[in-house]
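Only the coordinates and a few stated rules stand behind these numbers; no lab work does. Because the structure is predicted, anything quoted here is derived from the model rather than measured. A quick note on method: Cβ atoms are made from the backbone with ideal geometry, for glycine too, and the neighbour counts reach across all protein chains shown.
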Amino acid sequence: MRLSVKLTSNVVLAVVACCALGAASAARAQSTANLAVVVTPPDATPIDTSGTPAVTVDITNNGPSNATGVVVDATFPAEVEIASVDGCTANDTSATAKPLPCTVNAQTLGAGVIPQNGKAKVTITFAVTSAAAKTITGATTCNPPATLGTVTVNVTSTTTSAGPNSGTAQLPGIAKFADLSVTYAAVDGTGKPLSTANEGDTVKFDGTVTNNGPCPAPGVVLTTATTLMTFVDGTGVCPGDPAEDDCSIGDMAVGASVAFSRRYKIDPPPGADAATGSYAHFSEVDVSSNDVKNGTVTTPAAWDPNTDDDTARPIVTSSHSAGGCASGGRGVDAGVLAVLPVLLLLARVQRRRAAAKR
């Protein structure tokens, strides 16, 4: 009889253990999340890389469970550099951290969790480098491809997912570009660089605008800003006073250059109480490719991959003495003013001595 009871207890324990295992297995089977991923390329076609093109990633959890530990990663074409990611926190927190892979930001259930039937949006902003752009288009051609290539986004989760967990999109090609440049320098009468002048002097500035290609540059405009100088006259393209209106050069073919010269009078610093010292006088020019009509600027038809050479600002310095007198022959130097009473006293002494001898 005792043996029978013992066997019955073992059977009961076995049944309980079996049920527990079955429940755990059922729980594991139910803990799944069906993640759907949609990747949307930039709206602009083609891409103007002077802007901020971005890819958006929409993640939907179709359930039946919450998706935990959701991480996003992406593979872009080699010519693309990822600039920033929004809606996701980089997993790498080192000083040289890259924005991907990243964990989706907290929603209602904390970081990395997308609730059942919930959604998450991640925006990946990217850029095409100047060197890559030139490689894409070729050194002397103007025929960029229709697409930069494919971006692939992968989404992983610590919750078992029955969804595809990935998505792809074709990136548009880059817009045609023209590498504009401007050189500009203050020169003396022989054409050599000039760095100093006196107040009241007239200084000449020579400049050249060039389209280095590989595409034509439409609607090229040259803008100017000056400090402590007054326009005198000009020659070449747009000889008028640039302060009154920007210089509209117009369309420039590949390899085309236009020259311009301006003369400015070096002005003293404003105010009767301007301090003694050196003052900087400059004329800054900036070149860009825009269609400028009726005071409005439309979207550039050709972008510039290298803006470092789009601006030039030669500086000429002059010395100023308090009270409105400048050095260099245009007044009395401050040092001379300091010893002038002594010189006058010596002159009186000499006149007295001369009179005593007579």
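Rounded if a/c is under 1.5, else prolate if a/b beats b/c, else oblate: with a ≥ b ≥ c from the C-alpha gyration tensor eigenvalues square-rooted, which is region 50-102?
In terms of gyration-tensor shape, oblate.
Using the Kirkwood radius built from alpha carbon pairs, what does the Stokes-Einstein equation give as D for region 137-271 at 20 °C and 1.002 mPa s, in µm² per second?
The Stokes-Einstein estimate is 112 µm²/s.
Can you tally the net charge around residue 261? Count Lys and Arg as +1, Asp and Glu as -1, for every other residue whose Cβ sits under 14 Å from the Cβ of residue 261.
-1
Give me, ordered by chain and number, the residues 5 or more places off residue 196 or on other chains with an amide H under 5 Å from its own placed amide H.
Excluding prolines and chain starts, which carry no amide H, the hits are 317.
How would you order 238-248, 161-171 from highest to lowest mean count of nearby Cβ atoms within 10 Å?
Going from most to least packed, we get 161-171, 238-248.
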